[in-house]
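Comments concern the structure below.
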Amino acid sequence: MKTFLATTLMIISLLAGSALQAQEIPLRVGMSGQYYPFTFVEQDTLKGFEVDVMNAIGKELGREIQFETANFSGLMGMLASGRIDTVANQITITEERKKAYIFSEPYVYDGAQVVTKKGNTEIQGVEDLKGKTVAVNLGSNFADLLRELPYSDQINIKTYESNLEHDTALGRVDAFVMDRVSASQIIKEKPLPLELAGPTFSQITNAYPFRETEAGRALRDQVNKALADLREKGELKAISEKWFGTDITRP
């Protein structure tokens, strides 16, 4: 009986020690720092909606957040190789990505939006992209959404690491596609002659991806609980309203 009790106490002690050790290890989060206003650099400081939400999650988990920045196109590879624990960069849940990763509950609900140079009369919506050159962020889901259109073979898709809005404003491409929230903020905050072209053409939900491992599943569950608690306390809504003036964290 004494041996059983001692063994049980040892297991409990080891489990508690493992939990404490996990809390001491920073949560490594990848982001581009190039997707305003979700993640961007201002005066050498990483800022944005994604930064605030992830810091709030870290506070809920009692863990330090260690941000790792890289080009968007390389973030999922960093996750797959174990160099980071998740990605906070408006990662859309897709069937293809679900084959490689597991996802948290969604924390952003948005739609794909066409944006053109201000005064463009040829493109009034996604149906007018036939025969046009359209920019998207490299590694994003927007190229796939365009390829799903019945006339996708008539669209010249050009990929960018960043600054696709500048080439659109300069007329080097006819339009670009990104989520409506980001596009609206770029038009509002940046001195560029741009405008939204028509309504959104595809609904998207964004979440945090994790590796399909025991540790990845455990971390996914912890993040889900943190998101639920933040949503219940109204903190997710407050962060969203700070950056966008509206709540994009609910459908």
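The values are calculated or read from the model by the stated rules, or taken from the named source; none is laboratory data. The structure displayed is predicted, hence computed values, not measured ones. For neighbour counting, all protein chains shown are included, and Cβ atoms are generated from backbone atoms with ideal geometry for every residue, glycine included.
Worth pointing out:
- Residues of segment 85-112 satisfying the condition of being closer than 13 Å to M31 by Cβ and either surrounded by fewer than 23 Cβ atoms within 10 Å (Cβ to Cβ) or charged (D, E, K, R) (or both): D85
- Among the residues of segment 85-129, the ones that are assigned to a loop (DSSP other than H, G, I, E, B) and without any contact (Cβ under 8 Å) to a residue 60 or more places away in the chain come to 6 in all.
- Pair list, Cβ < 7 Å and 6+ apart or interchain, from segment 47-74 residues that are not assigned by TED's automatic domain parsing to the domain that holds V136 to residues that are among the small types (G, A, S) and part of a strand (DSSP E or B): E68/G30; A70/G30
- The residue of segment 66-76 that is farthest from G33 (Cα to Cα), among those that are at pLDDT 95 or above and crowded, with 18+ Cβ neighbours inside 10 Å, is M76.
- Of residues in segment 48-59 being within 14 Å of the chain's Cα centre (by Cα) and of a type outside the set (V, I, T), the one surrounded by the fewest Cβ atoms within 10 Å (Cβ to Cβ): D52
- Check on V136, crowded, with 19+ Cβ neighbours inside 10 Å and outside the structural domain of R231 (by TED's automatic domain parsing): yes
- Scanning segment 99-114 finds one or more residues that are farther than 30 Å from R63 by Cβ and among the aliphatic types (A, V, I, L, M).
- Any hit, segment 141-154, residues being at pLDDT 95 or above, farther than 27 Å from G245 by Cα and aromatic (F, W, Y): yes
- Scanning segment 148-170 for residues that are in a loop (DSSP other than H, G, I, E, B) and closer than 26 Å to A70 by Cβ yields E161, S162, N163.
This table checks each residue for (1) more than 19 Å from N137 (Cβ to Cβ); (2) in a loop (DSSP other than H, G, I, E, B); (3) modelled with pLDDT of 95 or more.
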site: F4; (1), (2), (3): yes, no, no
site: I11; (1), (2), (3): yes, no, no
site: L14; (1), (2), (3): yes, no, no
site: L20; (1), (2), (3): yes, no, no
site: V29; (1), (2), (3): no, no, yes
site: P37; (1), (2), (3): no, yes, no
site: E50; (1), (2), (3): no, no, yes
site: I57; (1), (2), (3): yes, no, yes
